[in-house]
1. Going through segment B:115-167 one residue at a time, which ones are more than 7 Å from every other protein chain (Cβ to nearest Cβ), of a type in the set (Val, Ile, Thr) and crowded, with 22+ Cβ neighbours inside 10 Å?
2. Please count how many residues of segment A:185-208 are closer than 12 Å to residue A:158 by Cα, among the aromatic types (Phe, Trp, Tyr) and without any contact (Cβ under 8 Å) to a residue 40 or more places away in the chain.
3. When the residues of segment A:54-93 are filtered to those that are surrounded by fewer than 24 Cβ atoms within 10 Å (Cβ to Cβ) and either among the small types (Gly, Ala, Ser) or under 24 Å from residue B:286 (Cα atoms) (or both), which remaining residue is farthest from the other protein chains (Cβ to nearest Cβ)?
4. Tell me the helices (runs of 4 or more DSSP H) entirely within segment B:190-271 that contain at least 1 residues that are of a type in the set (Gly, Ala, Ser) and either open to solvent by 10 Å² or more (accessible area, probe 1.4 Å) or out of contact with any Cys (no Cβ under 9 Å at 6 or more places or on another chain) (or both).
5. Where the second residue is among the basic types (Lys, Arg) and assigned to a loop (DSSP other than H, G, I, E, B) and the first is more than 10 Å from chain A (Cβ to nearest Cβ) and at positive phi and lies in segment B:260-281, which pairs have Cβ atoms under 8 Å and are six or more apart or on separate chains?
6. Report whether or not residue B:192 is in contact with a Pro (Cβ under 9 Å, 6 or more places away or on another chain), among the charged types (D, E, K, R) and under 29 Å from residue B:264 (Cβ atoms).
7. Of the conditions (1) facing chain B (nearest Cβ under 9 Å); (2) open to solvent by 40 Å² or more (accessible area, probe 1.4 Å); (3) closer than 23 Å to residue B:158 by Cβ; (4) at pLDDT 75 or above, residue A:256 fails just one. Which one is it?
8. Residues in segment A:131-181 that are of a type in the set (Phe, Trp, Tyr) and either under 20 Å from the mean Cα position of the chain (by Cα) or open to solvent by less than 10 Å² (accessible area, probe 1.4 Å) (or both): how many?
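The values are calculated or read from the model by the stated rules, or taken from the named source; none is laboratory data. Keep in mind that this is a model prediction, so the values were computed, not measured. As a convention, Cβ positions derive from the backbone with ideal geometry for all residues, glycine included, and neighbour counts pool all protein chains shown. Note: areas computed on protein heavy atoms with side chains; ligands, DNA, RNA excluded. Shrake-Rupley method; radii C 1.70, N 1.55, O 1.52, S 1.80 Å.
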Amino acid sequence: MAFFLLFFIFPIGYALYISRYNWQIFKGPYVGWGNYRHLYHDTIFWSHAVRNTLVYTAFVVPLQMALGLTLAVVVNQSIRFRTFFRAAFYFPSLAASAAIASIATYILASDGLFNTILHHLGYHHTNAWFTQENTALPSIVGLNAWTTSGTMMLFYLAALQAIPVDVYEAAAIDGAGAWRTFWRVTFPLLKPGHFFVLVVSIIGSLQMFDQAFLIGGASGGPNYATMTVVLYVYNQAFKSISFGYAAAVGVVLFAFIFTVTLIQRLLFGRAEVA
Amino acid sequence: MGTEEIPPIPPVAAAKELARGGEAAKGTPATTTGIPGRETGDRIRMAIAYTVMFLVAALFAIPFLWSVSTSFRTLADTLAGFSLLPRHWTTSGYHEAFHTFNFGRYTLNSAIIAGAITVSNLFLASLGGYAFARLKFPGREVLFMLVLGTLMIPDQLRLVPIYEMLINWIPSWFAHLGVGHLGWHHPSFVNRNGVILIQLVSASSLFLMRQYFLTIPRDLEEAAKLDGASYFKTYRKVMLPLAGPALAAVGILTFQGSWNGLFWPAILLQDSSQYTIPIGIAQFRFAYTTLWPPLMAASVLAILPILGLFIVFQRYFVAGVAASGVKG
């Protein structure tokens with residue numbers, strides 16, 4: 001317990017405290033809301049870090065959910081090699097992000113596997129996907145949709161198995177085909193599953209760090225194209241050595257994530273009553 | 001007490017998965033039950049479905065296979081255009097990764113960090129989980145909610161405070177404790193020790209253990225109590241041996257998480273002799289962008305132990321994730 005108090009609960013308060021100071025490695029002068037005022041006018045934060053994080057979340061969350069659901073439905077069928085497929089789909093979620101990011105960089109390099117395949121298909125793309133300002137973030141979206149779809153698949157799988165069998169039997173008796181059964185029966189019944197996956201996925205996306213750090217480096221290159229909010233916290237703390245400011249960014253992000261969770265919970269709670 | 005006295009474990013969804021240790025996912029029965037006169041069409045459809053699925057599975061596997069293939073190439077080979085397999089098989093990529101770029105050291109560091117975190121999680125989470133499941137003490141529910149609540153605290157909020165605590169506070173506490181005679185004059189925690197210290201136990205490990213202990217019938221402990229065993233002895237002699245599956249899930253998930261860990265090591269490991277494999281890979285990528293064979297060799301090194309664990313203990317991975325998902 002002391003451990004949780006010391007390393008989880010206490011740091012919240014301490015972060016709030018630090019964020020009110022011009023704190024470098026050691027405590028500096030008190031600046032009140034100065035860090036927050038600065039943050040309000042910080043264009044790199046708003047037009048790169050926040051924008052990228054939101055764009056990333058907006059694209060990656062639906063992709064993760066759709067992929068996860070599709071894979072879950074597939075491996076939930078009574079098919080042969082089910083264990084094999086489930087393992088194959090799940091494994092990318094388990095592998096080290098650093099290794100995956102390196103492999104992705106290699107495949108998406110200017111003369112990498114992906115461009116070679118595109119070339120054979122008649123598209124000539126000669127740039128490395130991660131180093132171009134306009135393709136870097138979309139490439140990370142694709143990469144992460146792929147790696148996390150396995151985890152989402154497992155969550156959906158648990159939700160699918162909570163649906164009672166007789167519902168399907170009733171649908172079969174009514175003569176509903178597989179497609180219709182899915183959209184009219186399975187999909188609506190998965191609502192708790194959707195909600196859970198949505199929350200996990202959004203919270204995860206808002207905190208995206210690994211891939212941005214590995215691919216764009218601490219400065220979120222090229223030209224801030226892969227700068228995310230979490231990376232910005234890291235960057236401010238360890239590149240600019242402004243701990244107070246980094247703490248302020250962290251507090252704002254926490255408040256935002258907390259609000260998102262609350263809103264989702266309220267919306268969901270109401271929908272369930274209705 | 002003989003094992004034959006152990007009654008069957010009551011069916012509680014997540015824990016049952018672990019206990020049964022079998023298929024964590026039994027498919028819901030097929031909805032397309034055979035309609036007469038449809039067999040040929042069905043068979044063709046099945047064939048197409050299987051082909052598509054194997055293609056998708058291949059798509060998931062290709063990046064890994066491609067990295068393995070590259071790790072056995074020469075640098076010239078990687079630049080010479082596409083070929084499925086290396087033109088000249090060589091282990092120089094691995095040799096360079098180990099000897100020139102120090103990945104032997106990084107592998108050892110990863111093993112030390114992941115090993116220490118796993119052992120301490122197993123110990124603390126099982127003890128704490130047992131306390132939350134069985135001991136009656138005031139405020140137990142509130143405390144447990146507090147622990148679960150920590151799952152919602154993002155790491156980046158903790159980044160600055162934790163760093164401050166590790167660099168200033170904890171060393172000064174040690175100084176006050178007067179442990180100088182142990183050789184800890186200036187204990188530093190902005191290093192491997194710090195990475196281990198802040199991950200000694202996680203809320204999800206604790207949660208998993210508690211849920212599992214709740215499914216174990218009380219009769220066993222009552223019997224132990226009648227025999228005059230203390231709480232700790234009951235925990236050690238009765239509960240722990242029964243908790244095997246949950247311990248396996250916690251151990252495996254913790255090991256996987258800390259082996260792959262990037263965020264805290266990136267912040268706290270500043271001396272290259274303490275880098276873990278992920279940090280080594282990150283630094284390597286910043287320094288030598290296109291030395292693909294050693295980079296791929298290092299990536300294979302990072303993935304291989306987890307792949308091995310996954311193949312052997314797949315059911316624990318799946319059941320563990322499913323169980324931690326239940327709380328949502």
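1. Of everything in segment B:115-167, those that are more than 7 Å from every other protein chain (Cβ to nearest Cβ), of a type in the set (Val, Ile, Thr) and crowded, with 22+ Cβ neighbours inside 10 Å turn out to be B:117, B:118.
2. So the answer is 0.
3. Per the criteria, the residue is A:58.
4. Qualifying helices (runs of 4 or more DSSP H): B:192-197, B:203-214, B:219-226, B:244-260, B:263-268.
5. Between residues of segment B:260-281 that are more than 10 Å from chain A (Cβ to nearest Cβ) and at positive phi and residues that are among the basic types (Lys, Arg) and assigned to a loop (DSSP other than H, G, I, E, B), there is no close pair.
6. Yes: the conditions hold for residue B:192.
7. It is condition (1) that residue A:256 fails.
8. Summing the residues that are of a type in the set (Phe, Trp, Tyr) and either under 20 Å from the mean Cα position of the chain (by Cα) or open to solvent by less than 10 Å² (accessible area, probe 1.4 Å) (or both) in segment A:131-181 gives 3.
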